[in-house]
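Notes follow the structure.
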Amino acid sequence: MVLTLPETGCSDVSFGLSYKSMISRNVTFFFEGHQLNGVRGEPIAKALFDAGIKTLSYSVKYKRPRGLHCARGRCVMCHMSVNGTPGVPTCITPLEEGMRIERENYQPVFGPFLTAVARLLPLPAGFYYRSFTKPSFLREFFVRTVRKMAGVGRLGTGGKLRVDGDAAAEEDRTPQGGPRIDGLYDVAVVGGGITGMAVAVSSAETGAKVLLVDEYPVPGGHSIGYQSNASLAASRDRLIESVAQHPSVHYHPNTTALGFYPPDTLLLGPGGSTGFEPCLGPTHTSSVTAGAARRRAMTRIRARSFVFATGAYDVVPVFENNDMPGIFGSRAIRLLLERDGLRPGKRAVVYGTGPALGQTAELLLHHEISVAALIDPSDRFHEAVTSSKKLGDISRISGARVIGTKGKDWISAVTVANGIFRGGDRPAETVLPCDLFCTAFAGQGAYELPHQAGFEFSLPEASLDENRVLIPDRTRVETEPGSGITCYVVGEAAGETLWNRKIDSGKETGKHAARPLDS
């Protein structure tokens, strides 16, 4: 399979990921009745951010501001109504000419007032089913008000439900620029990061027919773009080239694994969480019709072996105002900077531990974002941080914890406790002004699909609460006794954090997955 690069002239599929590298085409769109300008194909949220609109939604209960957060369409903080469709993740939905975009819930002038009044009333559970039922006009007004307070948006009527088997659905089984998704494979790999690519190539080299799916539009997962580690960058690029060139690897970007059904069925759907096609990176060849995002059908595949290289989610520790816009995990900030070309701030504080702390700080510096301080809750910084010449002049605080952030609609400062609460004493505090706060921890492995396949997860002890995440009790299971169908979990989803170990374990797993269970 060949990964085609449209309109960019870029010969390296691992770079040129910013939408600025594409040929610009300005478009007009409307945000809550106001006409704005943006670039076709860039994320809606980026276009709004560039227009000065950072608040994309409000929390349901207290109407606190919400903005860009996960950058992958999995949280609800950037969900908005697009062309009348509610719940659209604007961080991964491409901007098109004439789009009409709206927030989905009450503006803050109404929300807190109505919520405060409702909290004063002794309302029992389920009161909205029994209260204000008559007369009909009062009931109608009451239901509309409650729904608006909940921020659920509006769902239009009409349209046609497409299922697998329709002529249009069958046409969409073959993503543009790639081979048709067949119904049966030797090995199916979920996740196109460095681990998933290593699994796919290793399995294919044994002669197995391999399906590799990934929700992102480009391969590499969270290793895309700039890397201070030249060995990691080189290994990633070799894997991308191998995936692109190996005839037995069927690689499908912009494809989400929606669910696993034992013993041997995987349900696939379009990238993103609503059926809107995600943002078009330079390596993605499909197009979206002007004014509306095209939908694709779901499809089912079967395989003898399934490998879940689903990666990990960012972990944002618990502290006061940890939902403030302007707070990002290390994976989210990489996607925003490298994939979208969006710089969400100018001065950052980075809070984390291990090599990820230094890697995140060096990424920010590479994109000309100053780093005010590095904060490590452990007693000492990792060697990768202390030995980095690029981080030499940055203030460092170890053995400390972030206890809160300040700001109104966007973060303006971070409060750090220089010690641990003991005996009720209040530790010394330091306030660090910033307009960007990044966390850099190991991350919680994406366990949903593996759990559906029968993997059990536990929460082991860890020296830091931020690093205490669920990991699988084992890395290989047979979906049903005697079925001969095996599933594997590997990479960050299995708790692995070192990049070279991710690749090595992926190669080893790929060889095992390509062999029958009894071999």
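Observations
- Hits in region 76-95 - residues which are closer than 16 Å to ASP340 by Cβ and of a type outside the set (Val, Ile, Thr): MET77, CYS78, PRO89, CYS91, PRO94, LEU95
- Residue check for LYS406: within 20 Å of LYS346 (Cβ to Cβ) and basic (Lys, Arg): yes
- Among (1) surrounded by fewer than 24 Cβ atoms within 10 Å (Cβ to Cβ); (2) touching a strand residue (DSSP E or B) at 6+ places or on another chain (Cβ under 7 Å); (3) farther than 15 Å from HIS252 by Cα - the single one SER203 does not satisfy: (1)
- Any hit, region 194-201, residues being closer than 21 Å to LYS511 by Cα, free of Cβ contacts under 8 Å to residues at least 40 places away in the same chain and in a helix (DSSP H, G or I): no
- For first residues located in region 21-43 and on the phi < 0 side of the Ramachandran plot and among the small types (Gly, Ala, Ser), partners that are surrounded by fewer than 19 Cβ atoms within 10 Å (Cβ to Cβ) and at pLDDT below 95 and lie 6+ apart or on another chain with Cβ distances below 6 Å form the pairs SER21/THR8.
- As a summary of the residue check, SER287 satisfies the conditions (1) out of contact with any Gly (no Cβ under 6 Å at 6 or more places or on another chain); (2) crowded, with 20+ Cβ neighbours inside 10 Å; (3) at pLDDT below 90 except for the one numbered (2).
- Pick from region 469-487, criterion farther than 30 Å from VAL402 by Cα and among the β-branched types (Val, Ile, Thr), ranking: surrounded by the most Cβ atoms within 10 Å (Cβ to Cβ): THR486
- Meets criteria (at pLDDT 85 or above and assigned to a strand (DSSP E or B)) for LEU212: yes
- Residue list for region 428-445, filter: in contact (Cβ under 8 Å) with a residue 40 or more places away in the chain and not in a strand (DSSP E or B): CYS434, ASP435, PHE441, ALA442, GLY443
- Criterion: assigned by TED's automatic domain parsing to the domain that holds TYR261, closer than 20 Å to GLY311 by Cα and crowded, with 19+ Cβ neighbours inside 10 Å - qualifying residue of GLU466, GLU492, GLU508: GLU492
- Verdict on LEU267 being surrounded by fewer than 24 Cβ atoms within 10 Å (Cβ to Cβ), under 29 Å from SER483 (Cα atoms) and more than 19 Å from the chain's Cα centre (by Cα): yes
- None of GLY399, GLY329, GLY345 is of a type outside the set (Asp, Glu) and under 23 Å from ALA51 (Cα atoms) except GLY345.
- None of LEU232, LEU280, LEU268, LEU239 is modelled with pLDDT under 90 and either in a loop (DSSP other than H, G, I, E, B) or not small (Gly, Ala, Ser) (or both) except LEU280.
- Matching residues in region 42-64 - criterion: being within 20 Å of the chain's Cα centre (by Cα) and modelled with pLDDT of 90 or more: GLU42, PRO43, ILE44, ALA45, LYS46, ALA47, LEU48, PHE49, LYS54, THR55, LEU56, SER57
- Those residues of region 496-505 which are crowded, with 19+ Cβ neighbours inside 10 Å and assigned to a loop (DSSP other than H, G, I, E, B), in sequence order: GLU496
The values are calculated or read from the model by the stated rules, or taken from the named source; none is laboratory data. In this text the structure is predicted, and so the values were computed from the model without any measurement. Positions of Cβ are backbone-derived with ideal geometry, glycine not excepted, and every protein chain shown enters the neighbour counts.
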